[in-house]
Amino acid sequence: MAESVPVRCPVCRREHTYAAPVYPCACGAPVALPLLRGGVPVQVEHRTWAGSWVRVRCPACGSSEEWPQPELGCECGATLRLPVDHARLRASPPAPASPSSPAPAPVRTPLPPRPRPAFRPVTIRTAQDAKTASAQYLRWLGFEDVRVADKRPASGVDLRGPGVVAHVDPTTSPTSLREIET
């Protein structure tokens, strides 16, 4: 179980309690992100792919994987990125195996990621073009089997796939950060 830390929103000054999620490592051990006690959260105003991930070492097997950066949504509408204790991330050696525990699984070195080609946008002239372009972008991000609805169903869902459901708004008005869900 991850420890809870107090968090104060820098926008509205509300107090929150946050416990970082625990993720399962490939070896089966739970991995909790160590949060920096007393650290000041930062309001997320612009998301980047690189800024949304943090590398964490598994305390059981020592493998290092990327996990989502801890974030908290405040009632005022601000999204807060919580500081991670990077000193504890680097200083966490693998835990010694107890005599009663089974031998740890061999550590597999992941293959280096293949460079992904740049996304090639398409011209959007109609609402159906917007849905098609959105589906192509989701496939480029790694969501496979994304299906596009021909006509807008009563549910309002235009795109579906394993792990993703989306509504495409083909208007040209700006979208606020609050309307976008990660």
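The values are calculated or read from the model by the stated rules, or taken from the named source; none is laboratory data. None of the values given here were measured: they were computed from a predicted structure. Backbone-built Cβ (ideal geometry, glycine too); neighbour counts: all protein chains shown. Just the protein is used for accessible areas: all its heavy atoms, side chains included, with ligands, DNA and RNA removed. Shrake-Rupley method; radii C 1.70, N 1.55, O 1.52, S 1.80 Å.
Within region 156-182, if we keep just the residues that are part of a loop (DSSP other than H, G, I, E, B), open to solvent by less than 90 Å² (accessible area, probe 1.4 Å) and touching a strand residue (DSSP E or B) at 6+ places or on another chain (Cβ under 9 Å), the residue that is modelled with the lowest pLDDT turns out to be Val157. Note on region 41-71: residues that are crowded, with 16+ Cβ neighbours inside 10 Å, over 16 Å from Pro30 (Cα atoms) and more than 10 Å from the chain's Cα centre (by Cα) amount to 2.
Total residues in region 114-131 satisfying the condition of being surrounded by 10 or more Cβ atoms within 10 Å (Cβ to Cβ), closer than 14 Å to Val168 by Cα and more than 25 Å from the chain's Cα centre (by Cα): the figure is 4. For the condition open to solvent by 40 Å² or more (accessible area, probe 1.4 Å), assigned to a loop (DSSP other than H, G, I, E, B) and more than 23 Å from Ser4 (Cβ to Cβ), Arg37 does not qualify. Summed over region 19-31, residues that are in contact (Cβ under 8 Å) with a residue 12 or more places away in the chain, in contact with a strand residue (DSSP E or B) (Cβ under 6 Å, 6 or more places away or on another chain) and surrounded by fewer than 17 Cβ atoms within 10 Å (Cβ to Cβ) total 3.
Being in a loop (DSSP other than H, G, I, E, B), modelled with pLDDT under 75 and over 26 Å from Pro21 (Cβ atoms) holds for only one residue in Arg120, Arg116, and it is Arg116. Scanning region 76-90 turns up one or more residues that are open to solvent by 70 Å² or more (accessible area, probe 1.4 Å) and modelled with pLDDT under 60.
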